[in-house]
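Each remark here refers to the structure printed beneath this line.
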Amino acid sequence: MKKNLLRFLTLAIFSTATATAAAQDFTEIRIATEAGYPPFEYLNPSGEIVGYNIEIGNEICKRLQAECVWIDQSFDSLIPGLQARKFDLAHSTMTATDARRKVIDFSAPLYVVASRLVANKDKTLEPTADSLKGMRIGVQQGTTMEAHARKEWAPNGVEVIAYPSYTNAYIDLASGRIDASFQEAPNAVQGFLTKPEGANFTLMGDTVKDSAILNEPIAIGVRKGNKKLKDAVDQAIIDMQADGTLAAITAKYFEPGNVELPSTQP
């Protein structure tokens, strides 16, 4: 009994010491995001980067006893900037696709989010090549929505227009220069549909299902070879899921069913 108790105490002390040492390895973590994608990441009226992903990132930094330094970057510069060591992590609603995994690593999965079309209420559209043939569809460049549209729709008579950000796409949608936009549903709601310029528009058609591109989880990008940081971030995410923190943060931003949290972590 005494031997077992001693062994337990020794393991507990070792585990605590290891966790503390791991946390002390990181005093500052530079995280890049594209701050134009509410409610995930955006600028508040004071110019601060805020949102769902920002809260997740700040909680990870807190658990690693590190300071988060947030860097606003265009989405298509996130992976090149990560590879060039301009920052340590890329956390901007980035889907962990097979193509991206070839050039960067990803954290444990965070969530999966639905992708939907947005169009004028007087239209009746489905997210298929037949329904969209002859139309102009706006996407953000470098996203999985662009990849899906170019793979499934463009070869069949759909003109895919890529924008630096969805803000630009929504301007053209409201003015009639494109027929629909294709993005993650929560961004469409908070970034456009709840604003005056989006009053005549709505989510349209079914959620797009594309297991090869769109149904992979959102995760945090990590530079290949940075195993120490990846392992620490992974453990923080796993702990956040286990203790309910990730679910609590999610509930602050989304109605049930809009964002799906993974039931298990690798």
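Bridgeable lysines around LYS224 (alpha carbons under 21 Å apart, same-chain partners fewer than 8 residues away excluded): LYS86, LYS102. Within the listed set GLY134, GLY191, GLY36, the Gaussian network model of the chain (springs between alpha-carbon atoms below 10 Å) gives the highest mean-square fluctuation for GLY134. Based on the Kirkwood approach, the hydrodynamic radius assigned to segment 185-247 is 15.3 Å, with every pair of different Cα atoms included. Loop-located trypsin sites (Lys or Arg not before Pro) across segment 206-254 with a Cβ neighbour count of 12 or fewer within 10 Å are LYS209, with loop assigned by DSSP. If you take every residue apart from PRO186 with its C-beta less than 11 Å away from the C-beta of PRO186, what net charge results, scoring Lys and Arg +1 and Asp and Glu -1? For residues surrounding PRO186, the net value is -1.
Over the chain, what lengths in whole Å, largest first, do the semi-axes of the equivalent ellipsoid take, defined as the square roots of 5 times the eigenvalues of the alpha-carbon gyration tensor?
Rounded to whole Å, the semi-axes are 38, 18, 17.
Expressed to the nearest 5 percent, the antiparallel share of DSSP beta bridges inside segment 114-204 is 55 percent.
A short reminder: the numbers here are calculations on the coordinates, not readings from a lab. These figures come from a predicted structure and were not determined experimentally. Glycine gets a Cβ as well: all are built from the backbone with ideal geometry, and neighbour counts include every protein chain shown.
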